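Remarks on the structure that follows.
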Amino acid sequence: MITRLWVWTVSALVPREDRGAWREEWLGELRATGGDMRQAWGALPDAWCLRTDGWTMDGMLRDVRIAVRGLIRKPLFTAVGGITLAVGIGANTAIFSVVDAVLINPLPWPSSERVVSYNHAAPGLGVNVPVVPHSEALFLHYLENAKSLDAFAVFDQRKMNLIIDGEPQRLDANRVTQQYFDVIGIPPALGRTFAVGEDRPGSEPVVLLGYGLWERAYGKDPGVVGRLLDVNGVQRRVIGVMPEIARVGEEELWTPLVIDPAQANEGSLGLIGAARLAEGVTVAGANTEMHELLLRFAQAHPDDFGPEILEQAQLDADVKPLKDLFVEDTRQILLVLLGTVGFVLLIACANVANLFLVRAEGRQREQAVRTAMGASRGDVVRQYLTESLALATFGGLVGLGLAHFGVRGLLTMAPAELPSVLDIGIDGSVLAFTAAISLGAGILFGMFPVLGYARKDLVASLRDGGRSATAGRERHRVRSGLVVAQVALALVLLVGSGLTARSFLALRNVDLGFQPEQRMTFAIGLSDVAYPDVESVEAFYRRLTERIAADPRVVAAAVIDGLPLTEAKSAGPMEPEDEPFEEGQLGPIVEQRRVTPGYFAAMGIDIVDGRAPEWSDRVDQGAGVVIGKKLADAFWPGASAVGRRIRSQGDDFAWEVVGVAGDVRFDDVSQEPLAIIYYPVFDAGPGSYAAARNVDVVVQTAGDPLAAIDGARAALRELDPRMPMVNPRTVQDVVERSLASTSFTVLLLGIAGGIALLLGTVGIYGVISYTVSRRTAEIGVRMALGAPAAKVLGSIVGQGLRLTVLGVGIGLAGAWGLSRVLASLLYGVTATDPTTFTAMASVLIGVATLATWLPARRASRVDPVEALRAE
Amino acid sequence: MSLRMTQITALVLRAVAAGHRYGFDVMETCALPSGTAYPALRRLEKAGLLRSSWEDEDEARASGRPRRRSYQLTARGRAALPEAEQKLEEVRRLLGAMDHGPGLETER
């Protein structure tokens, strides 16, 4: 794709009559031999030789030398032009390197086009998730019956407590079924991967280490294989080390995801599936097969997957490239950014084209002399193009340097952590892209002087000194056209950045439903070895929150298994006990959390009805829950929910609603609050399913929230010295983070808009100022004949204003047309928001007027005598 | 149109004579970068020592790619072969005389 782009770009150099054949020859060879950029780059010298009609390498080098010398002799021209281009090219290179890694390059695994996300979609549930994953039983069903797969595995992501050299650490881990590494297709760097049966109960606990962890914790000691490692309180044998590219996210180790076929859970969909398609099987083929297998499974399990439920949830197979799972959120932003920087480059080109036009004007005599002495039209064209290409090369090189640092900055600010498996940086294809756009830019702005000057009779211009009226007017039109284009492009960018800035402000003012100020939070995880039952878990949370709250700087402390805006997700269908849904009708999907009693006070969430939870609400005592207002209104509209009973759909056991809490934004600042239920931490009897073990502790403080960290850490250490405190931060930070993707877009669009405004202004200033200098004599005469200074000023400002208004008009239409692209990234403002459109147009007109006013004022102060003498 | 025989053109001419018909093929045989091999091919064709023809349209479409262009020696090209061989021999002798002289790559 890159080689094609390259050949197409370069083909612009080839004389038109040969172009088609030339392109076909290069593309044919590249296609037939599978050639890459190493072969393809030669298209440039080849095209150049054709363009220059067999000029020798010597001749080319001489041209380049002359061009470079010419650029060095005009350092200001070169610096302004070069830096303008460098900014445009650098921005494009930086964004492209991310786009290349994220959207274009395949995952770095063998035949990675066959690696797919093998999950379900259920648009009918109305839940905001990328895929609907598997239950244990569903996984086993597909594993046994799918013929279109070479390998199939499910995984989930966990934090795990490790003891390394006596130090507790909490690391990201993936629990995976046995064929996981066959799906990825990556062999271990050391030792072996999971063997058949190691994901079934009764096998020895084992663990695979990531390369980074191996390096950090064991100094790459190969003797680590076979040793025992304390993971979540269980001694696991290290069986191998996986190379860096085996990671799909932040995980640092892998343990088997143990599934007992005899007791496989049917309806709890929490395991993400990944598969490797068999040779020759298409994604569509695998999807069809999966669809049929799902129907078979549903027929066999009517309790969990009755036909009405399937229909209501619109549950169906969803096989797609695995990469789509990671990049879905970033795609839109990246494409908008790429478009944005593309606009910036176009504006930069227009500026440089104007510079070149002015320069060419000043060189008409020189060219005329050259022509008179026998230089052909081709010679003149060649000289112009060599110069513009030399400048573009200079800009490209500087731009590459800018991009190198820009990419790093971009990555530190990037919103969602992009998976490390995507290798972002400046590589061969990025270099090719930079070369192609530099060349493209060089040809683009180099064409203007060529079209404007090389065509006309240069000897005539030698005679009249380049003042022939008609040619002048035509050139002026070209320059004015460039200015109009610049203004239009700049306005589109300004409107885009204005709209995102407004939605950013709207997001900042959203009522989250809780108070992020003066609150800090950290995460902990309780292993089921040290805390075997719900009783011990509850007791620990109780002691911990009491101990932390004993600090005089602390107002309140509480625990929740998944703070708002942290991407924690747990949900299921619920129903009111007094009015259960009919058989087969799916209740609303309700977000579920478990909290300790002080949670609502600690987070500053209002209890709007009833009371806050108490320790005695546990399942074996009062069995009381607090629900969100949205859920209360959905089940008991117009009546109090307190005292009513609510249950998981299909369950016999119901909880009593003791209180109703204000609604809270959970998924994302921009998403409406979810229906939610808050259970007590003690929500299940002994032997029943696990208590909340991966939780966030939230601490409300009287003063600086971070000052409470040390006290909380001491309290934690006192209670359990082996439990690490993970990721302590303010709750405000949590909110900022969830706004990161918007603020990132706002920042980059703001920068782009700023650059566009600056370049556009410089463009207008340049053109008006140049016109004024050319018209000095005329203005002098007019003033000598008695024209008032104000009139002169007005006529020049008017000239600039006409161009600006024309550009603004086109730009408004363009921004209107492109608004659809931005719409999905906006919040609280429509993509065609009249205020933003008007404001940005006014800003642009204002700045442009200033840019014309400066040269106009100079003109109005022209001394007529002086002006005429200059003639 | 006359052509100054250089090592590069000589190498390329000989490669085509030996049956290497496609640009990339010639480039690989002569171990020349594509930016050197192609201009040489163009010069030879222009000078009438080579002629080119296009692959059959249907054949190319069958294998799902653009047509390939192949180069053949003309009568003049064949007549120029001894000159090319002589040029290469000269270079070889020169290099031999210089023992460990510079490579063949630079065209002067």
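So here's what we get for this one:
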| item | result |
| --- | --- |
| Unmet criterion (only one of (1) within 30 Å of A:Glu866 (Cα to Cα); (2) surrounded by fewer than 20 Cβ atoms within 10 Å (Cβ to Cβ)) for A:Gly780 | (2) |
| A:Gln178, sole failed condition from (1) without any contact (Cβ under 8 Å) to a residue 40 or more places away in the chain; (2) not in a strand (DSSP E or B) | (1) |
| Matching residues, the range A:84-120, being within 30 Å of A:Ile309 (Cα to Cα) and either more than 23 Å from the chain's Cα centre (by Cα) or part of a helix (DSSP H, G or I) (or both) | A:Tyr118, A:Asn119, A:His120 |
| Tally of residues being within 11 Å of another protein chain (Cβ to nearest Cβ) and free of Cβ contacts under 8 Å to residues at least 40 places away in the same chain across the range B:11-22 | 0 |
| The listed residue being more than 13 Å from every other protein chain (Cβ to nearest Cβ) and among the aliphatic types (A, V, I, L, M), out of B:Ala47, B:Ala79 | B:Ala79 |
| Pick from the range B:50-65, criterion of a type outside the set (A, V, I, L, M) and within 11 Å of another protein chain (Cβ to nearest Cβ), ranking: surrounded by the fewest Cβ atoms within 10 Å (Cβ to Cβ) | B:Gly64 |
| Scan of the range B:66-76 for residues that are within 13 Å of another protein chain (Cβ to nearest Cβ), in contact with a strand residue (DSSP E or B) (Cβ under 7 Å, 6 or more places away or on another chain) and without any contact (Cβ under 8 Å) to a residue 40 or more places away in the chain, ordered by number | B:Arg67 |
| Single unsatisfied condition, A:Arg774 versus (1) modelled with pLDDT under 90; (2) under 24 Å from the mean Cα position of the chain (by Cα); (3) over 19 Å from A:Arg502 (Cβ atoms) | (2) |
| Verdict on A:Leu822 being among the hydrophobic types (A, V, I, L, M, F, W, C) and farther than 29 Å from A:Arg508 by Cα | no |
| Single residue of A:Asp533, A:Asp561, A:Asp551, A:Asp578 found to be assigned by TED's automatic domain parsing to the domain that holds A:Gly711 and either of a type in the set (Ser, Thr, Tyr) or closer than 20 Å to A:Arg665 by Cβ (or both) | A:Asp561 |
| Residue check for A:Ser497: free of Cβ contacts under 8 Å to residues at least 40 places away in the same chain, hydroxyl-bearing (Ser, Thr, Tyr) and in a helix (DSSP H, G or I) | no |
| Members of the range A:563-614 that are closer than 25 Å to A:Gly267 by Cβ, among the hydrophobic types (A, V, I, L, M, F, W, C) and part of a loop (DSSP other than H, G, I, E, B) | A:Ala568, A:Phe581, A:Leu586 |
| Test for A:Leu190: is it in contact (Cβ under 8 Å) with a residue 24 or more places away in the chain and either crowded, with 22+ Cβ neighbours inside 10 Å or farther than 14 Å from A:Pro243 by Cβ (or both) | no |
| Residue identified as over 31 Å from the mean Cα position of the chain (by Cα), more than 30 Å from A:Val132 (Cα to Cα) and free of Cβ contacts under 8 Å to residues at least 12 places away in the same chain among A:Gly223, A:Gly202, A:Gly240 | A:Gly223 |
| Residue check, A:Arg782 part of a helix (DSSP H, G or I), modelled with pLDDT under 80 and either touching a strand residue (DSSP E or B) at 6+ places or on another chain (Cβ under 9 Å) or among the basic types (Lys, Arg) (or both) | no |
| Residue satisfying all of: in the range A:12-34; surrounded by fewer than 19 Cβ atoms within 10 Å (Cβ to Cβ) and under 35 Å from the mean Cα position of the chain (by Cα); nearest to the other protein chains (Cβ to nearest Cβ) among these | A:Arg31 |
| Number of the exception - A:Ile333 against (1) touching a Pro at 6+ places or on another chain (Cβ under 9 Å); (2) surrounded by 23 or more Cβ atoms within 10 Å (Cβ to Cβ) | (2) |
| Restricting the range A:49-67 to residues that are under 14 Å from A:Tyr384 (Cα atoms) and hydrophobic (A, V, I, L, M, F, W, C), the residue that is modelled with the lowest pLDDT | A:Met60 |
| Within the range A:84-117, tally of residues that are within 18 Å of A:Ile186 (Cα to Cα), among the small types (Gly, Ala, Ser) and surrounded by 24 or more Cβ atoms within 10 Å (Cβ to Cβ) | 0 |
| Test: A:Leu512 is in contact with a Pro (Cβ under 9 Å, 6 or more places away or on another chain), outside any helix (DSSP H, G or I), modelled with pLDDT of 85 or more and surrounded by fewer than 23 Cβ atoms within 10 Å (Cβ to Cβ) | yes |
| Selected residue (criterion: surrounded by the most Cβ atoms within 10 Å (Cβ to Cβ)) from residues of the range B:23-37 that are outside any helix (DSSP H, G or I) and more than 7 Å from chain A (Cβ to nearest Cβ) | B:Leu32 |
| Single match in A:Thr3, A:Thr9 (criterion: in contact (Cβ under 8 Å) with a residue 60 or more places away in the chain, buried (at least 16 other Cβ atoms within 10 Å of the Cβ), among the hydroxyl-bearing types (Ser, Thr, Tyr) and within 14 Å of chain B (Cβ to nearest Cβ)) | A:Thr3 |
| Number of the exception - A:Gly481 against (1) touching a strand residue (DSSP E or B) at 6+ places or on another chain (Cβ under 9 Å); (2) modelled with pLDDT under 90 | (1) |
| Matching entry among A:Ala436, A:Ala501 (being modelled with pLDDT of 85 or more and assigned by TED's automatic domain parsing to the domain that holds A:Gln364) | A:Ala436 |
| A:Leu389 of a type in the set (A, V, I, L, M), closer than 30 Å to A:Ile104 by Cα, in contact (Cβ under 8 Å) with a residue 40 or more places away in the chain and surrounded by fewer than 18 Cβ atoms within 10 Å (Cβ to Cβ) | no |
| Residue in the range A:726-740 that is more than 28 Å from A:Asn509 (Cα to Cα) and either at pLDDT below 85 or not hydroxyl-bearing (Ser, Thr, Tyr) (or both) present | yes |
| Members of the range A:723-738 found to be over 30 Å from A:Asn265 (Cβ atoms) and not in a strand (DSSP E or B), listed by number | A:Met725, A:Val731, A:Gln732, A:Asp733, A:Val734, A:Val735, A:Glu736, A:Arg737, A:Ser738 |
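The values are calculated or read from the model by the stated rules, or taken from the named source; none is laboratory data. Keep in mind the model is a prediction, meaning the values are calculated, not measured. Note that each Cβ is placed from the backbone with ideal geometry, even for glycine, and that neighbours are counted across all protein chains shown.
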